[in-house]
Amino acid sequence: MISPVLLSALLPRMDLARIHFTPTQLPPRHTSDGLTLMREAIAHLQVFVVRIERGVPTRVLRPIAPSELGTHRLVPGVTAYAWAFTHHEAGQAPRTFMLVVAQSEVRAPHPNESIDFWGQHGPIHGGREIPDRPPPKPARAAAPAPPQPPQAKPKPPQARPAVRAGKKGPKNKGRRRR
């Protein structure tokens, strides 16, 4: 039985069984074989685009749709497709696998290598995710506004006098000739 696993939590783990499908390997571990496997799995599991740094998948970018799955979307040395699952077999301990399909060489991190792995909201240090920004506070229900005092009605504008006060004759008299 196969059950999906949250990929961002698995990236920094060293005990993870990693299966890489890259162009430098011979079939059945070639990129094209990995894409065939991903096309079969994407109907049942979520496939993600991951960022690669120095050959190691370090950050989950986003899930992809089945129509996006193809080598034309992969940037060598920068992005890859990945998914993770736990395999339960009768009489055996469950094993967790991560499958990565890339256009360039992909590897597991070295034990003492200092690479920033990224979870869903920030980098993972010592197995714990440190968010790069504080999580949003839950929205509170809006308190009812206090009743507004009634406003005074505006005064009607005053009527203008019928005669132009203090002005006689046209405003522009034109230029006088001498």
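The values are calculated or read from the model by the stated rules, or taken from the named source; none is laboratory data. Just so you know, these numbers come straight off a predicted model, no measurement behind them. As a convention, Cβ positions derive from the backbone with ideal geometry for all residues, glycine included, and neighbour counts pool all protein chains shown. Each accessible area value is taken on the protein alone, full model and side chains, heavy atoms only, with ligands, DNA and RNA left out. Shrake-Rupley method; radii C 1.70, N 1.55, O 1.52, S 1.80 Å.
Only one of Thr79, Thr71 is over 25 Å from Met1 (Cβ atoms), of a type in the set (Ser, Thr, Tyr), open to solvent by 30 Å² or more (accessible area, probe 1.4 Å) and under 24 Å from the mean Cα position of the chain (by Cα). Can you tell me which?
Going through Thr79, Thr71 in turn, just one is over 25 Å from Met1 (Cβ atoms), of a type in the set (Ser, Thr, Tyr), open to solvent by 30 Å² or more (accessible area, probe 1.4 Å) and under 24 Å from the mean Cα position of the chain (by Cα): Thr71.
If we keep just the residues of the stretch 24-36 that are crowded, with 16+ Cβ neighbours inside 10 Å and within 28 Å of the chain's Cα centre (by Cα), which is farthest from Trp83 (Cα to Cα)?
Thr31
State yes or no: is Phe21 in contact with a helix residue (DSSP H, G or I) (Cβ under 9 Å, 6 or more places away or on another chain), under 16 Å from Val106 (Cβ atoms), of a type in the set (A, V, I, L, M, F, W, C) and open to solvent by 20 Å² or more (accessible area, probe 1.4 Å)?
In short, no.
Cβ-Cβ below 8 Å, separation at least six or inter-chain, first residue in the stretch 32-43 and closer than 15 Å to His72 by Cα, second small (Gly, Ala, Ser): which pairs?
Every condition considered, the pairs that remain are Leu35/Gly70.
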